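Asks: Please read through the structure below; I'll follow up with questions.
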Amino acid sequence: MVYDLCVCFLPMRVAAKIKLTESERTKLERYSKARNVAERLRERSKIILLADDGLENKEIARLLAQDPGKVGRWRKRYAEQGLEGIIKDKTRPGRIAPISSAKRSRIIKLTVEAKPKGMTHWSRTTMAKEVGVSPSSVGRVWAAHGLKPHRVKSFKLSNDKNFEEKLENIVGLYLSPPEHAIVLSCDEKSQIQALDRTQPGLPLKKGRCQTMTHDYKRNGVTSLFAAMDIASGRIISKCMNRHRHQEWLNFLRLVAKSVPSDKEIHIICDNYATHKHAKVKAWQERNPRFHIHFTPTSASWLNMVERFFRDITDKAIRRGVFYNVPDLITAIENYIVTHNSDPKPFIWTATAADILEKVKRGRRKLNKLQSA
């Protein structure tokens with residue numbers, strides 16, 4: 001049986017032939033050794049001289065420690081253009097022309113005053129399509145003017161009638177705490193869930209981050225009561241099943257035992273109903289060294305213990321796996337023990353006047369938007 005065999009051959013790439021005249025070789029040898037010429041011209045001259053000696057591109061690249069593609073490029077350039085081909089580089093396109101001031105102004109105006117059709121905010125791509133520029137140009141304009149339409153922060157102005165008085169009181173405690181007293185920022189982190197994942201996560205390894213399933217099993221909740229000493233950063237804490245006025249009173253008693261009896265205690269807390277319960281007020285009257293300072297309504301950001309709650313959530317709770325509530329409580333307590341072994345206070349720097357000025361600006365802007 002006979003088969004017809006068809007074989008296709010691809011054309012071989014052949015290096016350009018170099019044949020130098022005596023004068024050309026003399027000139028290139030001078031360039032290859034001269035100290036008053038550019039380094040790139042010395043390299044190119046050596047490439048052409050070795051090519052004239054009959055060496056292949058790979059051999060030249062090995063001898064001169066160059067890329068074979070680079071050797072072939074300059075060899076071809078010399079074969080086509082002669083000496084001028086290696087003395088001068090090819091002309092390159094200049095910088096991308098900057099976008100016009102009109103387009104720049106339009107990008108800024110659209111970003112702060114309008115929204116893309118059917119969307120809540122601009123992206124670089126949607127803005128680039130709208131204005132007729134590249135996404136990179138949009139990014140540069142946004143960066144130059146501090147615009148970040150992809151980000152959003154929560155914000156609410158307090159409507160507390162006594163906002164200014166409460167603000168000055170609390171900021172005064174932070175910036176100039178009273179002598180012979182301890183200032184404690186207190187709050188509850190309620191309903192912390194003991195979550196177990198439905199499958200084990202994959203561990204961290206090179207080229208891959210740790211993984212965990214998006215779904216979970218709920219194994220109960222606990223509430224963390226915490227008081228942070230603003231001077232030292234030390235935490236007084238207790239986990240409880242509920243967060244009623246009874247639990248708040250138990251926590252206040254724990255604080256009383258934890259603080260030296262010769263010190264006054266200033267408690268900063270929010271307006272949660274349990275903090276103002278009649279039995280809590282009666283207990284405070286029987287314990288005159290306790291002074292309660294309430295933050296303004298809708299101004300929990302004034303309570304520094306919230307910053308600690310963020311840390312414990314990120315570092316001990318959010319990525320944890322807890323089979324039951326005791327596991328969760330153990331993790332919380334271990335984190336607090338570690339924190340208290342080397343506590344570091346959070347430093348409050350904003351003055352009451354600075355905060356009030358920002359609030360006034362925000363209120364003017366909000367009133368303007370509501371009246372529009």
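The values are calculated or read from the model by the stated rules, or taken from the named source; none is laboratory data. Since we're looking at a predicted model, the values are computed, not measured. FYI the Cβ positions are ideal-geometry reconstructions off the backbone, even for glycines, and counts take in every protein chain you see.
Table: residues versus (1) more than 20 Å from residue 173 (Cα to Cα); (2) touching a Phe, Trp or Tyr at 6+ places or on another chain (Cβ under 7 Å).
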{"residue": "248", "(1), (2)": "yes, no"}
{"residue": "260", "(1), (2)": "no, no"}
{"residue": "263", "(1), (2)": "no, no"}
{"residue": "266", "(1), (2)": "no, no"}
{"residue": "272", "(1), (2)": "yes, no"}
{"residue": "275", "(1), (2)": "no, yes"}
{"residue": "288", "(1), (2)": "no, no"}
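Asks: Restricting attention to the stretch 206-256, and to residues there that are aromatic (Phe, Trp, Tyr) and in a strand (DSSP E or B), which single residue is nearest to residue 179 (Cα to Cα)?
Replies: 225
Asks: Still on this structure: Does residue 135 qualify as being over 23 Å from residue 361 (Cβ atoms), of a type outside the set (Lys, Arg) and in contact (Cβ under 8 Å) with a residue 60 or more places away in the chain? Talk me through it step by step, then tell me what you get.
Replies: Working: over 23 Å from residue 361 (Cβ atoms): yes; of a type outside the set (Lys, Arg): yes; in contact (Cβ under 8 Å) with a residue 60 or more places away in the chain: no.
For residue 135, the condition - over 23 Å from residue 361 (Cβ atoms), of a type outside the set (Lys, Arg) and in contact (Cβ under 8 Å) with a residue 60 or more places away in the chain - is not met.
Asks: Related question: Looking for something touching a strand residue (DSSP E or B) at 6+ places or on another chain (Cβ under 8 Å), aromatic (Phe, Trp, Tyr), in contact (Cβ under 8 Å) with a residue 60 or more places away in the chain and assigned to a helix (DSSP H, G or I) - is there at least one such residue anywhere in the stretch 312-333?
Replies: no
Asks: Hey, another quick one. Would you call residue 194 in contact with a Gly (Cβ under 6 Å, 6 or more places away or on another chain), touching a residue at least 12 places away in the same chain (Cβ under 8 Å) and in the same structural domain as residue 264 (by TED's automatic domain parsing)?
Replies: It is true that residue 194 is in contact with a Gly (Cβ under 6 Å, 6 or more places away or on another chain), touching a residue at least 12 places away in the same chain (Cβ under 8 Å) and in the same structural domain as residue 264 (by TED's automatic domain parsing).
Asks: Moving on to the next point. So the check is Cβ under 9 Å with 6+ separation or different chains; which pairs have a first residue in the stretch 359-372 that's charged (D, E, K, R) and a second one that's surrounded by 10 or more Cβ atoms within 10 Å (Cβ to Cβ) and not in a helix (DSSP H, G or I)?
Replies: The qualifying pairs are 363/157.
Asks: One residue is enough: does the stretch 96-114 have a residue meeting the conditions at pLDDT below 90, surrounded by 11 or more Cβ atoms within 10 Å (Cβ to Cβ) and farther than 30 Å from residue 363 by Cβ?
Replies: Yes, that holds for at least one residue.
Asks: I'd like the full set of residues that are at pLDDT below 90 and more than 27 Å from the chain's Cα centre (by Cα), limited to the stretch 332-351.
Replies: None; the set is empty.
Asks: I'd like the full set of residues that are among the aliphatic types (A, V, I, L, M), surrounded by 14 or more Cβ atoms within 10 Å (Cβ to Cβ) and within 59 Å of the chain's Cα centre (by Cα), limited to the stretch 20-34.
Replies: Residues of the stretch 20-34 that are among the aliphatic types (A, V, I, L, M), as a first pass: 20, 28, 34.
Imposing the further condition that a residue be surrounded by 14 or more Cβ atoms within 10 Å (Cβ to Cβ) reduces the set to 20, 28.
Hit for the stretch 20-34 is 28, nothing else.
Asks: Is it true that residue 154 is within 27 Å of residue 276 (Cβ to Cβ), among the hydroxyl-bearing types (Ser, Thr, Tyr) and under 22 Å from the mean Cα position of the chain (by Cα)? Don't jump to the end; show me each part of the working.
Replies: On the way: within 27 Å of residue 276 (Cβ to Cβ): yes; among the hydroxyl-bearing types (Ser, Thr, Tyr): yes; under 22 Å from the mean Cα position of the chain (by Cα): yes.
Yes: the conditions hold for residue 154.
Asks: Working only within the stretch 193-226, note down all residues that are over 17 Å from residue 314 (Cα atoms) and of a type in the set (Gly, Ala, Ser).
Replies: 201, 207, 220
Asks: Regarding the stretch 181-201, can at least one residue be identified that is surrounded by fewer than 19 Cβ atoms within 10 Å (Cβ to Cβ), more than 28 Å from the chain's Cα centre (by Cα), at pLDDT 95 or above and among the aliphatic types (A, V, I, L, M)?
Replies: There is no residue in the stretch 181-201 that is surrounded by fewer than 19 Cβ atoms within 10 Å (Cβ to Cβ), more than 28 Å from the chain's Cα centre (by Cα), at pLDDT 95 or above and among the aliphatic types (A, V, I, L, M).
Asks: Let me ask you something else. Among the residues of the stretch 150-180 satisfying the criterion of being among the basic types (Lys, Arg) and loosely packed, with under 15 Cβ neighbours inside 10 Å, which is farthest from residue 320 (Cα to Cα)?
Replies: So in the stretch 150-180, the residues among the basic types (Lys, Arg) come out as 151, 153, 156, 161, 166.
Then keep just the ones that are loosely packed, with under 15 Cβ neighbours inside 10 Å; that gives 151, 153, 156, 161.
Numbers: 151: 27, 153: 26, 156: 31, 161: 41 Å.
Going through the qualifying residues, I end up with 161.
Asks: Just one of the numbered conditions (1) under 20 Å from residue 231 (Cβ atoms); (2) loosely packed, with under 14 Cβ neighbours inside 10 Å; (3) among the charged types (D, E, K, R) is not true of residue 306; which one?
Replies: (2)
Asks: I'd like the full set of residues that are surrounded by 10 or more Cβ atoms within 10 Å (Cβ to Cβ) and among the hydroxyl-bearing types (Ser, Thr, Tyr), limited to the stretch 313-372.
Replies: 313, 323, 330, 335, 338, 351
Asks: If you go through the stretch 268-288 one residue at a time, do you hit one that is assigned by TED's automatic domain parsing to the domain that holds residue 333, under 34 Å from the mean Cα position of the chain (by Cα), outside any loop (DSSP other than H, G, I, E, B) and crowded, with 17+ Cβ neighbours inside 10 Å? Talk me through it step by step, then tell me what you get.
Replies: Applying the first criterion (assigned by TED's automatic domain parsing to the domain that holds residue 333) to the stretch 268-288 yields 268-288.
The next check asks that each one be under 34 Å from the mean Cα position of the chain (by Cα); those that pass are 268-272.
So of that shortlist, the ones also outside any loop (DSSP other than H, G, I, E, B) come out as 268-269.
From the residues that got through so far, the ones that are crowded, with 17+ Cβ neighbours inside 10 Å too are 268-269.
Yes, the stretch 268-288 contains a residue that is assigned by TED's automatic domain parsing to the domain that holds residue 333, under 34 Å from the mean Cα position of the chain (by Cα), outside any loop (DSSP other than H, G, I, E, B) and crowded, with 17+ Cβ neighbours inside 10 Å.
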